[in-house]
1. Check segment 528-546 and report whether any residue there is of a type in the set (Phe, Trp, Tyr), touching a residue at least 40 places away in the same chain (Cβ under 8 Å), within 23 Å of residue 505 (Cβ to Cβ) and not in a loop (DSSP other than H, G, I, E, B).
2. At positive phi, assigned by TED's automatic domain parsing to the domain that holds residue 594 and in contact with a helix residue (DSSP H, G or I) (Cβ under 7 Å, 6 or more places away or on another chain): which single residue out of 39, 17, 34, 80 fits that description?
3. Exactly one condition in (1) under 30 Å from residue 284 (Cα atoms); (2) modelled with pLDDT under 85 is false for residue 389; which is it?
4. Could you tell me whether residue 549 is over 23 Å from residue 577 (Cα atoms), at pLDDT 90 or above and either touching a Phe, Trp or Tyr at 6+ places or on another chain (Cβ under 9 Å) or not assigned by TED's automatic domain parsing to the domain that holds residue 125 (or both)?
5. Against the conditions (1) in contact with a His (Cβ under 9 Å, 6 or more places away or on another chain); (2) within 30 Å of residue 542 (Cα to Cα); (3) among the β-branched types (Val, Ile, Thr), where does residue 145 fall short? Just the number, please.
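The values are calculated or read from the model by the stated rules, or taken from the named source; none is laboratory data. Computed from a prediction, not measured in an experiment: that's the story for all the values here. Here the Cβ positions follow ideal geometry from the backbone for every residue, glycine too, while neighbour counts run over all protein chains shown.
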Amino acid sequence: MGEKKTITITDVVRHSGTEEDRIEFKPGVNTLVGLPNTGKSKWMETIDFLLGDAITAEQRETDDIFVKFDSARLTATIGGDNYEVERKWKEKGSLGKVFVNGQTLALEEYQSLFLKQLGIAPFHYPQGNPYGPRSWPELGWRSLVRHMYRRQRMWSDLADKQPVSEQHACLLQFLGIAERTFSSDLESLIDKQKQITTMEAQRRNFIETLQEISRELTDTEELSVALTPQSLSEADDRLAKEEDQLRADRARLLADLATEVAANSPAVSNGMEDLTERLVSLEAEKESGFAALQRVLERKGELDEYRRVLSQELKRLERAVEAGNAFADLKVTHCPACDRDVHKSDSSADQCYVCKQPLLSATRSGAERIQFELEQLRSEADEMDELLSRLATEIDAQQQRLEVLREKIVHTQQLLRPARMVAAAILPPELGIADMSLGRLQEKRHQLERIKSSLGRRETLAKQIKDIQAEIDVLNNSVIHQTSGVDYQLVADRLSDGMNTYLNKLNKAHKDAWVVGDVAFEIGDRTFKIRVGKANWQTKLGGTLTLYFLLAYHYALMDLVRFPESHFPGLLLIDFPAEMEGATIADKENFVIEPFIDLMAQDGMQNCQMIAAGSSFAGLEGAKRISLSHIWKPL
């Protein structure tokens, strides 16, 4: 058997100021013994904190460990490498940090380090129904530790306050089959299957809703049972024929009306045509004039803004001229470098009396340049004023032209009114009925077109479902391939055999210690059961038998180290309860520990370790005994 990746703790140290409290351990079985309140459980909790348990702010304020001590350090071999781990809960900002070989890690990073060193690949597992709405959480290091560390007050379940689905995931991880049972392909497969279920429900609801709405919007006889593309096309064809017939009837009525008007009132007919053409021409001219007016107004707005900018610039330059005039008489009287007096008479007329450099006669003074800019701006402003004046004149002309067009339009409409009254008097009622029927038919056809477009979404959903189903087929084949080699009965028998081996040893050391039947594990890809005899273990066992049963479970987990594919880290922390069914268990401690000593003495178990805290363990051979005598006083 190859070397297993395990955890072996060498020592644990707690610091309080300059004082330290140390315990050293060895591979195999180690026992912490002492009277009540000698700190056995607190040492176990300290180890648990150093194995990555979170420390809350309330614990730091109230828990004896964090009040009495400043920090703790653990030296261990993890996965074949040596590590020194320290936690400092009184140092500011260090509550959620772990110091590993001098490197600072966040608590989550430290927990991931354990999985990496032990060759344990994290995976996601379903909580409850895999097809439920909850996402699959990741099984982390701390979930596994709850099966390795048995607290003094938690002797009622495999891992107290841990859901069955999480216990199942931990068992599969320890057995080495979790990666194949809960592969990433399985998670994707179930997600895809949930998508198909959701989309199929959406498709059914969509069709039902569309059917109800279509019955309310249309009374088409072709759609009395259900919507189909063929029925929609047939209904649209029928309505199109009816619309064509109505248009033909309407055209015939209008032709007959025009003939009658021409025969009875030819003057009215001819005059009406002329006036109508004139009205159309005036309306077009009005629209063109209005568009031209809008363009001129927009141009004037742009020039008004530019004229405003020019005015502001002129005012700034005029203020600059005024300031220059005010400061013109100020002279340089002292050198800016040495602060000595400067006299203008010291230089010639063609030299600067401060820097002694020649004056450039061709260069205009600052005042001259400003004056030039002012003249340019004033000239440009005058041009803008002239242009704005012309635009204002053009705007007035356009507005007057539009007003004339409005008057002509009104006059033409007044001339048309008598002719329209004559035409309206002879309009047949069939024409109005035809127009209304034509409008209803057109609206029905529009509704059918919208329904047909909506019905197309059914095909879109069907195609999406088909594409997802193709992905499901690929994933399903991958999952079948990955799980085909998983023998759940074989790994269940390994746990059953481990527990029954332990119980056989108890009966050998203490006759009739276990008389309630054999233990049988049943493990599947979704859940597990443990039976004692023919009953569920939790309903059949009492207090002491529960103690034996849970110790047998830990024995079976430790026994998994013998199998190369298993992932149990080979570490157990067992804190025995002070009392069981009202009687002390000091006289029972040795014979329940001895099977672990025998197990870890076998080949391949050299790096496994068990730390057990109890009241006595007197005369226990093959285990390192660590006695605690100092009584802790409550704070």
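1. So in segment 528-546, the residues of a type in the set (Phe, Trp, Tyr) come out as 528, 537.
The next check asks that each one be touching a residue at least 40 places away in the same chain (Cβ under 8 Å); those that pass are 528.
When the remaining residues are screened for being within 23 Å of residue 505 (Cβ to Cβ), the result is none.
Among the residues of segment 528-546, not one is of a type in the set (Phe, Trp, Tyr), touching a residue at least 40 places away in the same chain (Cβ under 8 Å), within 23 Å of residue 505 (Cβ to Cβ) and not in a loop (DSSP other than H, G, I, E, B), which makes the answer no.
2. One residue alone meets the criteria, 34.
3. Going through (1) under 30 Å from residue 284 (Cα atoms); (2) modelled with pLDDT under 85 one by one, residue 389 breaks only (2).
4. Numbers: over 23 Å from residue 577 (Cα atoms): no; at pLDDT 90 or above: yes; either touching a Phe, Trp or Tyr at 6+ places or on another chain (Cβ under 9 Å) or not assigned by TED's automatic domain parsing to the domain that holds residue 125 (or both): yes.
No.
5. Answer for residue 145: the failing condition is (1).
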